[in-house]
Amino acid sequence: MPLAQISILEGRSPEMIAEMAEAVTAAISGALEAPRDRIRVVVTEIPAEKWFVAGQSMAARAKG
């Protein structure tokens, strides 16, 4: 059973996340010839204050 774990910044709508999960499911199904009902997608939303790039939080980077 394929499992895709995706971490994204908070702020996207539930509809956008569902569309992404559908696209990931389709991609995995096509690439691995796996039945769609066996594919799992887990999406973790992370606050900008807890996501860091080059030692700086995304919240701080957004402020400039």
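What the table below lists for this structure:
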{"item": "Principal-axis tilt of helix 14-32 within the chain, Cα atoms, nearest 10 degrees", "result": "50 degrees"}
{"item": "Placed amide H near W51: partners under 5 Å, 5+ positions off or other chain", "result": "M58, A59"}
{"item": "DSSP bridge orientation in the chain - percent antiparallel, rounded to nearest 5", "result": "20 percent"}
{"item": "In order through the stretch 36-52: 3J(HN,Hα) via Karplus (6.51 cos²θ - 1.76 cosθ + 1.60), integer Hz, x for Gly, Pro", "result": "4, 6, 9, 8, 10, 10, 10, 10, 10, 9, 10, x, 4, 6, 10, 10, 10"}
{"item": "For the chain, built as a Gaussian network whose Cα springs stay under 10 Å, the top-fluctuating residue of A31, A21, A48", "result": "A31"}
{"item": "Pairs of Cα atoms farther than 19 Å apart, the chain, %", "result": "44 percent"}
{"item": "Nonlocal amide H pairs with A4, under 5 Å, H built at 1.01 Å", "result": "R40, V41, V42"}
{"item": "Pair E22, A4: separation of 7 Å Cα→Cβ label points (nm)", "result": "1.3 nm"}
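Laboratory data are not the source of any read-out in this text; all were calculated from the coordinates shown. Predicted, not measured: the structure shown is a model, and the values here were computed from it. Quick reminder, even Gly has a Cβ in these numbers, built from the backbone with ideal geometry, and neighbours come from all protein chains shown.
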